[in-house]
Amino acid sequence: MVLRIVLGLLMTAVAFAVAGRRLAMLYRIGRAAQPVEPGRTRGVPARLRAELTEVLGQRKLLTWTVPGVAHVLAFWGFLVLALTIVEGYGALFQRDFHLPLIGTQPWLGFLEDLFTVATLVSVLVFAAIRVRHSPAREGRRSRFFGSHLDAAWLVLFMIFNVVWSLLLYRGAQINTGNFPYASGAFASEAVARLIHPLGAGANDVIETAGLLLAIGIILLFLVLVVHSKHLHIFTAVANVGFGRRPRALGALLPVYSGGKPVDFEDPGEDDRIGRSSIEDFTWKGMLDFATCTECGRCQSQCPAWNTGKPLSPKTLIMGLRDHALAAAPYLLAEDKSKVDALAAAAAQTPLVGTEGVVHPDVLWSCTTCGACVEQCPVDIEHIDHIVDMRRYQVLMESEFPPEAGVLLRNLEHAGDPWGRGAGARTEWTDGLDFPVRTLDGERIPDDVEYLFWVGCAGAFDDRAQRTSRAVAELLHTAGVEFAVLGSGETCTGDPARRIGNELLFQQLAAQNVQTLNGAGVRRIVATCAHCFNTLANEYPQLGGHYEVLHHTQLLSRLVADGRLVPVTPVGATITYHDPCYLGRHNRVFTPPREILGTLPGTRLAEPQRTRETSFCCGAGGARMWLDETIGTRINETRTDELLAAEPDVVAAACPYCVDMLADGVALRQQQGRTGAHVTVTDVAEVLLRSVREPAANDHRRA
Amino acid sequence: MKIAVLIKYVPEATAAWRFAGDHALDRDSVDGRLSELDEYAVEQALRLAEAGAATEIGYLTMGPPRAVDAVRKALAMGGDRAVHVLDDALHGTDAAGTSLVLAAALRRMEADLVVCGMASTDAEMAVLPAMVAERLGITAVVNAAALRVEDSTIVAERDTDDATEEVVAPLPALVSVTDRSGEARYPSFKGIVAAKKKPVTTWTLADLGIEPGRVGSAGAATQVLAVRPSPPREAGTVITDEGDAAARLADFLAANKLL
Ligand SMILES: Cc1cc2nc3c(=O)[nH]c(=O)nc-3n(C[C@H](O)[C@H](O)[C@H](O)COP(=O)(O)OP(=O)(O)OC[C@H]3O[C@@H](n4cnc5c(N)ncnc54)[C@H](O)[C@@H]3O)c2cc1C
Ligand code: SF4
Ligand code: SF4
């Protein structure tokens, strides 16, 4: 017994010392990081709900059935197995130790064994998944491509060891009469039967040796966990708890420095704008990096990665973590001259640069589509980190792809990406047979229900102008009074913000908020998913509070209320593409489908990736205005995915998606890879076709 | 070596321009900017400074009060100081008058090299470089596409229709640069903040010792009689191919004396 106690406690002390040192170091990195912006603890009920659904319920993991279920088994297995650890430590001191109150109940014995077996099953499933989807077999397509593979296998092997050593000592305990459960523990009993013939003496030894072995393996596992991606076992709860709620999508956060918003009119001397180095990240950023499980779910959905670009949200986060750890000795050292050269070199590596931690091609490949954030089971906030790094590059270094200069200058001087200027904002109304009420600086009249936010694309882009006209005509038909700002509208600032030019965003947004508030606008309808997102989610940051609807929301309401009646059969199979900023970022999935579903003579064919897992068209994150020179083109990849559903009409609900997909379909038609009849259009245009009498359609097809 | 860069505050190209009662452009009613072509001049000066050829860059503008916006923009790109010639009497000044004022100011600024744009983006006369150089009695090298300083001379490359020529001129000199000289930098926020602290000196005509009668509409050699908006562009002719598109296209070109 004494040996048992001494050895057990000695092992524990050593393991706790090693693990503790590591944890203390990780904690100090977190402390050295920037304070987080306010609001990370606000809304406790939503945070608790997230812990319940995402941690305990493993909601995001379960969207992938097989690995999800396996993880549920492992996760719950570990929760239950924590009891056996307590029992094990108790048994160090008292051979027949049992937990108080419920410690001898057969159901508990059964539960423990059930989850021990479940954990074993999960290990086998994980191993199978890792073999089947190994990067060696699947290359870049594998979600494990770029993950630390050896460490992952080691962890699986260790979990396997935990399970068998536990069963071994529990079996021996039964044979020596020290087991707390008279029945229920079926697996332990099976092992007991197996080793019973060895005799009482041997079982005595196995009991002690097995116990020490099991504790030793658990402790080794602990040390391994804090040194690997398995740290998420401890950090995931905190990361989910402090995450942006409901999710880190939709709005981008303003620029914070030292936990306070930066005033661009009068910045503080020491304000840090964006992230220039690893210490500029907040502790929540560090927690994100520490929590990444390297599962690659994000990578598997990332449009950049899927089209051969160097950006993978997973390797980006892993790279930042590895860099933080490499630089930590230097960053945390009191006397920097004594730090070893490697750590000092790591600390001095630029964060972004061709020789830096993050290659510029990685940084600029992101479309901010949100697929990664949506997928991540531990709620890592990739987009925020990417945009924060872009912010430093653009605002402090003026470093960005040269093409972006045209975009930024046009936004600055003309107020729109095309450089057309306010004077041309109402040209899209040409050809409508009713006048569109234009505020041009006036207050909104009382009888006007909605301000129609046309958007830059809606005003200047040929295809989007058609959508603007279709929406105007539908509203007019339904008797909805609306008005437009006309020359008073400027770009919402979405591309400026997403490329990292927060200053320009603030200027454009402030101007629009002033115009909207000055005109007394309360309700807005927008056709552009990006405008919609910015108006609804970001303008409140600048004092602009409006009820913002996407046109598909308003139109589906008008159809449901009978104010718009689709009569003319469309006669087409329609495949709807969820725009990222409408779907994932804002959860508007149903209205466009409701509209399309009510049209006579239509069949909806869903593409394989749809709704939450919709695949970006390639235009978000200001990528619309950048050249796409690396890998294959995102819009072509998405076009092929949509065409696989064999539609006659590809419908989208965002002008940039329509543009991107129309280009993609046109290319495939040119190549003879799809029928000449396939068209790409906005949902509103399809609705309009059905609302109009057949004759009117023929007459006005142009 | 000190460089002076001439920069002009011009109306935004996409904005609606208005004209005052005296037919001069009403520069207060319309949003303005640093002339895009002058951004190239600023860029070239900054590159010379970065190459170690210049020690100080000063900007000079003549324009309405809001012209400081253009000055701040240039200072955000880089450079050290700026001079703004501001005087009510300047309203309506023509090219000759402008060059008189700019030359007087440049004399006070004591620059070894004057860099300016090839033309403004509003009036687009492209005459000031030559006029200013003439008044200062220094060499003018116009429409340079590349620029470097080699032991107290300035070497400029000029693109002509069939060759690129390299021109050498002794300093002091004036060079105007084209939009092919190299993409102008985008000012960083750091630059914008720094620009707020850089000195901008305002000079009046009196400071320059110029009689008000020599500038403004009174001093102008020309008189604007009327300002009319240009007629809206007519819609083009669309030829849809019904088998005879080529012939009709040829007819159209012939009818318009293009063939
Ligand atoms: C509507 C309108 C009517 C006009 N009518 C007349 C007229 O009838 N007669 C007449 O002579 N002029 C007229 N002007 C021209 C006006 O006086 C010119 O703007 C001025 O003389 C400068 O000429 P520019 O802009 O064509 O300069 P350019 O010669 O095209 O400019 C070349 C470079 O000189 C520098 N530069 C030019 N102006 C300035 C400045 N103010 N400050 C600093 N640097 C400068 C810049 O570097 C610029 O790139 C008119 C202008 C307008 C807009
Ligand atoms: S936001 Fe989209 S493009 Fe950017 S990293 Fe995430 S998945 Fe990739
Ligand atoms: S960022 Fe999230 S989804 Fe991506 S690998 Fe890490 S844990 Fe998985």
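The table for this structure:
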| quantity | calculated |
| --- | --- |
| From phi via Karplus (6.51, -1.76, 1.60), per-residue ³J(HN,Hα) for region B:174-190 in Hz, x at Gly/Pro | 10, 10, 9, 10, 9, 6, 9, 6, x, 3, 6, 6, 9, x, 7, 4, 4 |
| Those lysines that a straight Cα-Cα span of less than 29 Å connects to residue B:190, excepting residues fewer than 8 apart in one chain | A:260, A:284, A:336, B:2, B:8, B:73, B:198 |
| Residue order, fewest to most surrounding Cβ atoms within 10 angstrom, among A:606, A:612, B:43 | A:606, A:612, B:43 |
| Region B:2-219, relative contact order [Cα under 8 Å, separation at least 6], % | 26 percent |
| Extension gain from residue A:667 to residue A:403, taking 0.36 nm per residue of separation minus the Cα-Cα distance | 92.7 nm |
| Largest-first principal axis extents, alpha carbons of chain B, Å | 68, 46, 39 |
| Other-chain or far-sequence residues with amide H under 5 Å of residue B:19's (modelled H) | B:26 |
| Nearest-ten-degree value, helix B:68-77 long axis tilted from longest Cα axis of chain B | 80 degrees |
| Folded to 0 to 90 degrees: helix B:95-109 orientation relative to chain B principal axis, Cα | 30 degrees |
| Globularity index of region A:415-551, i.e. its alpha-carbon radius of gyration over 2.2 N^0.38 Å | 0.96 |
| Sorted by Cβ density within 10 Å, fewest first, the residues A:567, A:448 | A:567, A:448 |
| Projected label distance in nm at residue A:442 and residue A:430, using a 7 Å step from Cα toward the beta-carbon | 2.4 nm |
| Euclidean distance between Cα centres, region A:285-310 to region A:124-194, Å | 27 Å |
| Computed FRET value (nearest 0.05) for residue B:234 with residue B:179, which takes r as the C-beta separation and R₀ as 35 Å | 0.75 |
| Table column - 3J(HN,Hα) (Hz), region A:158-167, Karplus curve with 6.51, -1.76, 1.60, x for Gly and Pro | 5, 4, 4, 5, 4, 5, 5, 5, 5, 5 |
| Inter-part distance where region B:117-156 and region B:33-50 are each reduced to a Cα centre, Å | 13 Å |
| Extension reserve of the residue A:41-residue A:338 stretch, reckoned as 0.36 nm per residue once the Cα distance is removed | 103.1 nm |
| Relative contact order, percent, chain A [alpha-carbon distance under 8 Å, six or more residues apart] | 11 percent |
| Under Karplus coefficients 6.51, -1.76 and 1.60, residue-wise ³J(HN,Hα) of region A:667-683 in Hz, glycine/proline x | 5, 5, 5, 4, 7, x, 9, 8, x, 5, 7, 5, 10, 10, 7, 7, 3 |
| Placed amide H near residue A:439: partners under 5 Å, 5+ positions off or other chain | A:484, A:485, A:486 |
| Stretch gain in nm, segment residue A:131-residue A:24, where the contour uses 0.36 nm per residue and the Cα spacing is subtracted | 35.0 nm |
| Distance between modelled label sites at residue A:237 and residue B:161, nm, 7 Å Cα→Cβ extension | 8.2 nm |
| Interchain or long-range residues, amide H under 5 Å from residue B:142's placed H | B:176 |
| Neighbour cut-off at most 15 other Cβ (10 Å), DSSP loop, GluC sites (Glu not before Pro), region B:67-168 | B:110, B:124 |
| Fewest-first sequence of A:602, B:14 by Cβ atoms within 10 Å of each Cβ | B:14, A:602 |
| Net charge of neighbours whose Cβ lies under 11 Å from the Cβ of residue A:678, counting Lys and Arg as +1 and Asp and Glu as -1 | 0 |
| Crossing angle, helix A:502-518 versus chain A [Cα axis fit, 0-90 degrees, rounded to tens] | 50 degrees |
| Exposed trypsin sites (Lys or Arg not before Pro) absent: longest stretch of chain A, with sites in DSSP loops and at most 11 other Cβ within 10 Å deemed exposed | A:43-442 |
| Gyration tensor (alpha-carbon) shape descriptor, region B:123-216, a/c threshold 1.5 | oblate |
| With 20 Å bins from 0: P(r) over chain A, alpha-carbon pairs, percent | 16, 43, 28, 12, 2 |
| Antiparallel DSSP beta bridges within region A:559-701, percent to nearest 5 | 0 percent |
| Estimated FRET transfer efficiency when R0 is 25 angstrom, pair residue A:99-residue A:2 (beta carbons, to 0.05) | 0.55 |
| Whole-angstrom gap from region B:201-237 to region A:659-686, using each part's C-alpha centre | 52 Å |
| Calculated FRET efficiency for the pair residue B:50/residue B:226, C-beta based, R₀ 41 Å, to 0.05 | 0.30 |
| Region A:415-551, relative contact order in percent, only Cα pairs under 8 angstrom and at least six apart counted | 28 percent |
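Where a number appears in this text, it was derived from the coordinates with a stated rule and is not lab data. A quick note: this is a predicted structure, and the numbers were derived from the prediction, not measured. Cβ sites come from the backbone with ideal geometry, for glycine too, and all protein chains shown count toward neighbours.
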